[in-house]
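See structure below.
No value in this document is a laboratory result; all are computed from the given coordinates. Here the structure is a predicted model, which is why all the values come from computation and not from measurement. Quick reminder, even Gly has a Cβ in these numbers, built from the backbone with ideal geometry, and neighbours come from all protein chains shown.
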Amino acid sequence: MPGYAQTVVAGVANDYCPLIAQHAKRCNYNLYLIAGDFSMQRLLIAITAFLAAGSANALQVGDRVDNFRLLDHRGASHELYYLSDMKAVVLLAQRNDCDAAATSIAQIDRIRRQYRDRGVVTFMINADKAGNRDAIARDIATTDGSTPVLMDPLQLISESLDLRRSGEALVIDPKSWKLTYRGGIDGASAAVDSTLTGQSVTTRSTAVKGCKIKLTERNKDRAHAKISYEKTIAQMLIDKCVTCHRQGGIGPFQMSSYAIVRGFAPMIREVLRTERMPPWHADPHYGAFSNDRSLTAAQTKTLVHWIEAGAPKSKRGTDPLAAYAKSSPEWAMGTPDLVVEIPAFNVQATGSIPYQRPIVKNTLGKDVWLKAIEFAPTNRGVVHHILGGLTGQKITSSLSGLESLTALGVYVPGDVPHELPEGTGVFIPKNSNFVFQLHYTANGKAVSETTRVGLYFSTEPPRFPLRNTVLLDPQLRIPAHTKEHTASVERVFDRDVLVYTLMAHSHVRGKTASYVATYPDGRKETLLSVPFYDFNWQTSYELKEPKLLPKGTKLVYSSGYDNSKQNKANPDPSIEVRWGEQTWEEMIYGDVRFRYVDETTAPTQLSALP
């Protein structure tokens with residue numbers, strides 16, 4: 001471990017100070033998490049905490065507990081360090097197939113009821129690979145059921161907490177994030193009392209009588225140290241990370257060498273444990289998506305274990321990342337059929353900027369069908385979003401034209417090229433022009449931004465016209481000092497539709513999002529759940545298999561908000577937040593791309609295009 005400390009510190013000193021300074025100047029509130037993550041101060045804190053923790057499997061009373069994020073058995077997301085306003089956090093190791101579990105569950109629920117008004121929060125944590133959310137929800141329903149069960153299917157968090165038996169309790173002090181007690185649940189109450197009063201916990205660890213917790217990678221440090229950087233880690237990064245972490249990419253540093261990866265290894269471990277990277281936020285319990293950019297379970301475990309083993313590299317062989325030191329091609333899908341250049345706009349250094357709505361002349365002189373689109377800003381740090389549409393569409397001024405400007409495509413932070421679903425297209429008539437809605441944001445430096453838009457056309461008309469609908473509510477109101485507020489919008493389809501893509505949008509107070517369909521027979525189905533919405537990554541979730549919603553189906557889009565001081569991105573928790581275009585205001589905005597089942601591009605079947 002000391003050797004790893006030296007290499008990390010040397011890597012930071014030699015390779016990353018200029019890099020971090022460069023990107024810290026470039027980041028604005030659009031990337032506030034990234035800017036914070038990769039500041040030198042935050043990086044050194046993360047490195048110090050990681051190195052001080054020693055072995056990931058030896059957490060003792062007095063040690064600092066690393067941050068993590070897990071979903072509970074109901075699908076809600078919980079981050080440890082978000083609980084900094086609490087007085088104590090109690091974790092209970094749980095196995096739903098253990099006869100001794102019922103007693104400890106009853107005890108943790110009693111602690112929850114006894115201390116909930118005194119700033120104490122309780123969780124159970126389940127690392128049983130044989131367990132699943134549905135089974136646990138059924139078992140918990142037979143008890144009080146008030147304590148959430150955190151699901152740890154990768155067992156990474158349970159490994160770092162060194163959980164051994166169900167019924168083992170851990171008490172954590174949020175003021176320091178240090179572990180103040182570990183032992184049987186029957187000794188946890190006394191430990192909580194001491195933690196609340198700021199006294200040393202004198203309760204001796206009591207016996208843990210529950211079933212053993214089987215962690216498949218426990219005590220495999222030697223095997224983890226043999227994970228190959230060249231054959232395994234570098235290839236994984238190339239497949240999953242380098243697209244953004246490259247020259248000209250949106251990532252705050254380039255993964256162009258082992259030295260860079262080694263230096264940022266503790267930070268990579270942190271963002272994996274808190275599920276901030278890779279940027280994919282759909283709950284895997286609901287649906288499957290073709291553009292899923294998350295690591296697989298095996299990849300995540302391998303990468304974390306490699307980092308915890310000291311990020312080893314063999315002394316021989318070339319670095320596979322070296323070939324990716326240069327910038328990728330300008331257009332990811334090749335040369336576009338048409339490049340539309342949005343007029344240059346001078347973005348001021350500070351202050352708010354009204355939405356811009358330029359119109360660009362269509363020079364094609366013929367009707368075409370769009371099959372793909374790619375947005376290429378020159379200064380991504382000042383472009384919050386772009387909506388592309390066509391003139392001639394109806395614009396409702398009270399909603400700032402939001403319903404009509406998404407026919408071509410949307411650019412948001414973390415955007416990738418958009419290929420329309422196979423067999424579909426968007427019609428662009430020759431007598432229409434291109435209209436854009438652009439939201440520019442100041443980031444401390446005055447710049448001129450020119451965005452180019454690459455359009456790709458079908459050689460023949462597609463079979464089906466692609467459509468979209470927007471679910472929004474300009475009457476949105478979010479009360480001041482509210483940790484959890486939910487708003488919903490619904491639409492009932494009057495024809496059979498096939499849904500391809502679901503997109504969720506809110507601003508910096510956004511916390512969760514979901515789409516739930518209620519079918520004509522009364523059956524409900526969650527199509528998408530985003531338990532941890534991240535303003536920096538506003539993903540369009542592309543269904544792997546299009547979803548048929550028959551006529552009469554009600555689709556409800558819900559968005560959750562955090563207007564409290566615990567939300568570090570909250571500009572002002574003391575105000576009631578209303579609908580507005582600027583980021584310090586809020587939106588509930590869901591976009592659905594679909595086609596009518598009974599509509600084709602044949603002239604006799606084609607409905608009037610919007």
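Could you check the simple spin-label distance between THR482 and LEU196, using points 7 Å along Cα→Cβ, in nm with one decimal? That separation, rounded to one decimal, is 3.0 nm.
At a Cα cut-off below 19 Å, give the lysines reachable from LYS178, other chains included and same-chain residues fewer than 8 away excluded. Cross-link targets: LYS87. The distance between label points at VAL360 and ARG523 comes to 4.5 nm (points 7 Å beyond Cα on the Cα→Cβ vector).
Three principal axis extents of the range 156-202 based on alpha-carbon atoms, in descending order, are 31, 23, 12 Å. On a per residue basis, the convex hull of the C-alpha atoms belonging to the range 58-197 measures out at 96 Å³.
Treating each Cα of the range 468-596 as an identical point scatterer and summing with the Debye formula, the log10 of I(q)/I(0) at q = 0.10, 0.14, 0.16, 0.22 Å⁻¹ comes to -0.32, -0.60, -0.76, -1.22. Pairs of lysines in the range 338-462 whose Cα atoms sit within less than 24 Å of one another amount to 8, provided the residues are eight or more positions apart or on different chains. Can you list the aspartates and glutamates whose alpha carbon sits under 14 Å from that of LYS554, skipping same-chain ones fewer than 8 residues off? Candidates past the 8-residue exclusion: GLU490, ASP494, ASP496, ASP521, GLU525.
When each of the peptides 81-90, 283-292 is scored by the mean number of other C-beta atoms lying within 10 Å of its residues, the order from highest to lowest reads 81-90, 283-292.
Shape analysis of the range 338-462 yields a ratio of the Cα radius of gyration to the Kirkwood radius, Rg/Rh, of 0.98.
Simple point charges give the picture: +1 on the Cβ of Lys and Arg, -1 on the Cβ of Asp and Glu, and for the range 58-197 a dipole about the Cα centre of about 240 debye. Highest average first, the peptides 222-234, 184-196 ordered by how many other beta carbon atoms sit within 10 Å of their residues are 184-196, 222-234.
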